[in-house]
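K.L.:
Handing you a structure now.
The values are calculated or read from the model by the stated rules, or taken from the named source; none is laboratory data. Quick caveat: nothing in here was measured; it's all calculated off a predicted structure. For neighbour counting, all protein chains shown are included, and Cβ atoms are generated from backbone atoms with ideal geometry for every residue, glycine included. What goes into the accessible areas is simple: the full protein's heavy atoms, side chains included, and nothing from ligands, DNA or RNA. Shrake-Rupley method; radii C 1.70, N 1.55, O 1.52, S 1.80 Å.
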Amino acid sequence: MNAVDSLVRPTADTLDALYVAHLAEQQRRTEHALQRGGYDALLIASGVEKFAFLDDRPYVFQPNPHFKLWVPLIRHPDSWLVIRPGHRPRLVYVQPEDYWHVPPEAPSGFWVEHFELIVVRTPGDALPYLQLPGELAIVGEADAALGDIVPNNPPEVLNPLHHARAVKTGYELLRLREASALGATAHLAAQRAFREGRSEAAIHAAYLRACGLAERDLPYGNIVALNEHAAVLHYQYQDQRAPAQSLSLLIDAGAHSCGYASDITRTTGNGDASFQALVDAMEAAQLRLVDRVRAGVDYRDIHLASHREIAGVLRQLGIVRMDEDAMLAQGVTSTFLPHGIGHLLGLQVHDIGGFMAGEDGGTIAKPDGHPYLRLTRVLQPGMVVTIEPGLYFIPMLLDKLRATPAAAQVDWALVQHLSAFGGVRIEDDVACRDSGAPENLTRDAFAALG
């Protein structure tokens with residue numbers, strides 16, 4: 001039984017009902033956006049395959065998120081969706097005849113019956129099915145243009161769609177739970193590989209085997225950081241050789257289910273008491289921050305609360321001998337937590353719309369002194385966010401701290417000891433509910449695995 005099967009799986013009827021409701025909501029949102037913008041129909045390009053400069057080697061195809069919002073298709077370049085008020089959505093599905101590559105299979109599955117399906121053999125064959133009367137909002141990159149169908153990406157249509165997409169339907173929450181289950185399974189495999197003394201590359205390979213995904217299918221490049229590499233926030237390499245001693249593992253890695261992503265981070269130590277105390281303190285702080293994910297809460301307040309939590313951890317463990325208010329006033333916590341507390345999650349790992357003031361656009365400002373926060377909106381039921389506090393020992397930031405008056409209150413010997421471990425980050429994917437405690441997709445997935 002795999003991780004997804006270990007969850008309570010919906011029946012076929014339940015899945016169909018969730019999907020039908022999801023399509024109805026996307027139709028409603030689209031008709032509203034078209035009316036506001038004065039357009040008659042929405043055309044969505046899935047995207048085109050792109051090639052390396054002066055080469056015939058393609059990059060990994062990344063579908064237009066607007067496309068996979070409607071259909072669970074993530075490997076289908078050159079296809080199109082046509083959304084019109086009062087009509088069933090039309091899918092122009094490109095299925096080339098090709099012996100160089102495996103072409104897409106014939107459309108099948110729970111979703112097919114809900115579309116006007118048109119199968120064509122070449123990208124150009126789609127054109128007659130896209131040439132509609134009236135004003136067309138055409139969403140896609142410039143290279144998706146087909147004849148007179150040229151993406152115009154009107155903001156008066158995209159803004160309300162992006163703003164609304166932050167609130168997930170029941171179908172989307174199902175897919176996000178599945179992605180969390182796959183990710184949790186793979187994280188446990190990675191932790192086992194770490195305890196066996198494996199290299200970063202071998203830990204990454206164990207992760208892929210456990211979730212059953214190829215590297216090209218991951219929602220983002222896995223961060224697999226041993227020891228001091230954990231102090232690099234987006235550490236991008238994977239050493240083939242294991243270090244002489246594996247002190248710590250920070251792995252930030254997710255999975256996909258029908259185009260929806262999970263984004264999970266766990267930090268594991270090798271038994272060092274000081275580092276384990278740090279991990280335990282961060283775990284408790286992270287759970288308190290997760291509990292703040294409630295309808296009506298300004299996400300910026302959760303971010304600011306994370307700095308007070310970090311100040312508490314620094315004081316509790318004796319890393320900095322100052323009270324929390326003094327650390328915050330002097331900016332000490334930003335040395336140890338230089339990133340935002342999280343972001344929206346969904347079809348994109350950093351889902352769009354995190355700063356939007358409303359469906360007309362506009363921007364909700366980040367708090368002063370916190371330039372890397374990726375979400376500034378008030379939380380609504382159905383929003384899925386990450387909560388990912390970290391505490392790191394980053395040499396360049398520690399050097400700046402040494403030049404401040406607060407340096408006299410730092411236990412530099414303890415900092416030097418903990419610097420060998422890099423740092424700690426713990427990240428869960430969390431859904432805001434109508435009332436009461438949030439749904440922690442990540443913790444639920446780990447719990448289902450026993």
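K.L.:
Against the definition (touching a residue at least 40 places away in the same chain (Cβ under 8 Å), open to solvent by 60 Å² or more (accessible area, probe 1.4 Å) and not small (Gly, Ala, Ser)), how does ASP360 come out, yes or no?
P.N.:
Taking the combined requirement at face value, the residue satisfies it.
K.L.:
On to the next question. Being surrounded by fewer than 20 Cβ atoms within 10 Å (Cβ to Cβ) and farther than 28 Å from HIS256 by Cα is true for just one of ASP291, ASP280. Which residue is that?
P.N.:
ASP280
K.L.:
Shifting gears a bit: Out of (1) within 20 Å of LYS50 (Cβ to Cβ); (2) among the hydrophobic types (A, V, I, L, M, F, W, C); (3) modelled with pLDDT of 95 or more, what's the single condition that is false for TRP100?
P.N.:
Just one mismatch for TRP100, condition (3).
K.L.:
Check ALA189, ALA106, ALA164, ALA145 and return the single one that is touching a strand residue (DSSP E or B) at 6+ places or on another chain (Cβ under 9 Å) and either at pLDDT 95 or above or closer than 30 Å to PRO438 by Cα (or both). Show your work before the answer.
P.N.:
Working: ALA189 fails: touching a strand residue (DSSP E or B) at 6+ places or on another chain (Cβ under 9 Å); ALA106 fails: either at pLDDT 95 or above or closer than 30 Å to PRO438 by Cα (or both); ALA164 fails: touching a strand residue (DSSP E or B) at 6+ places or on another chain (Cβ under 9 Å).
That would be ALA145, the only listed residue that is touching a strand residue (DSSP E or B) at 6+ places or on another chain (Cβ under 9 Å) and either at pLDDT 95 or above or closer than 30 Å to PRO438 by Cα (or both).
K.L.:
Could we say that GLU31 is within 30 Å of ALA447 (Cβ to Cβ) and modelled with pLDDT of 95 or more here?
P.N.:
no
K.L.:
For segment 233-249, check the following and say yes or no: at least one residue is of a type in the set (Ser, Thr, Tyr), open to solvent by 30 Å² or more (accessible area, probe 1.4 Å) and farther than 27 Å from ARG175 by Cβ.
P.N.:
yes
K.L.:
On to the next question. Take the residues of segment 294-325 that are in a loop (DSSP other than H, G, I, E, B) and farther than 23 Å from ILE364 by Cα: which is least open to solvent (accessible area, probe 1.4 Å)?
P.N.:
Here the answer is ILE319.
K.L.:
For segment 326-351, which residues satisfy the criterion of being among the hydrophobic types (A, V, I, L, M, F, W, C), touching a Pro at 6+ places or on another chain (Cβ under 7 Å) and surrounded by 18 or more Cβ atoms within 10 Å (Cβ to Cβ)?
P.N.:
Step one: of segment 326-351, the residues among the hydrophobic types (A, V, I, L, M, F, W, C) are 326-329, 332, 336-337, 341, 344-345, 347, 349.
Cutting the leftovers down to touching a Pro at 6+ places or on another chain (Cβ under 7 Å) gives us 337, 341, 347, 349.
The answer is LEU337, ILE341, LEU347.
K.L.:
Consider only pairs whose beta carbons are under 8 Å apart and that are at least six residues apart or on different chains; among these, list those whose first residue lies in segment 295-312 and is free of Cβ contacts under 8 Å to residues at least 12 places away in the same chain and whose second residue is open to solvent by 10 Å² or more (accessible area, probe 1.4 Å) and part of a loop (DSSP other than H, G, I, E, B).
P.N.:
From residues that are free of Cβ contacts under 8 Å to residues at least 12 places away in the same chain, the pairs are ASP301/ARG292.
K.L.:
Taking the residues in segment 128-152 that are within 23 Å of PHE51 (Cβ to Cβ) and part of a loop (DSSP other than H, G, I, E, B) as candidates, determine which candidate is most open to solvent (accessible area, probe 1.4 Å).
P.N.:
GLU141
K.L.:
Follow-up question, since we're still on this one. Within the bounds of segment 223-230, is there any residue that is farther than 11 Å from ILE251 by Cα, more than 17 Å from the chain's Cα centre (by Cα) and part of a loop (DSSP other than H, G, I, E, B)?
P.N.:
no
K.L.:
Would you tally the residues in segment 38-62 being on the phi < 0 side of the Ramachandran plot, open to solvent by less than 20 Å² (accessible area, probe 1.4 Å) and either in contact (Cβ under 8 Å) with a residue 24 or more places away in the chain or touching a helix residue (DSSP H, G or I) at 6+ places or on another chain (Cβ under 8 Å) (or both)?
P.N.:
Final tally of qualifying residues: 6.
K.L.:
Six or more apart or on different chains, Cβ under 8 Å: which pairs go from a residue in segment 63-88 that's farther than 11 Å from SER46 by Cβ to one that's aromatic (Phe, Trp, Tyr) and not in a loop (DSSP other than H, G, I, E, B)? Could you list them?
P.N.:
VAL82/TYR129
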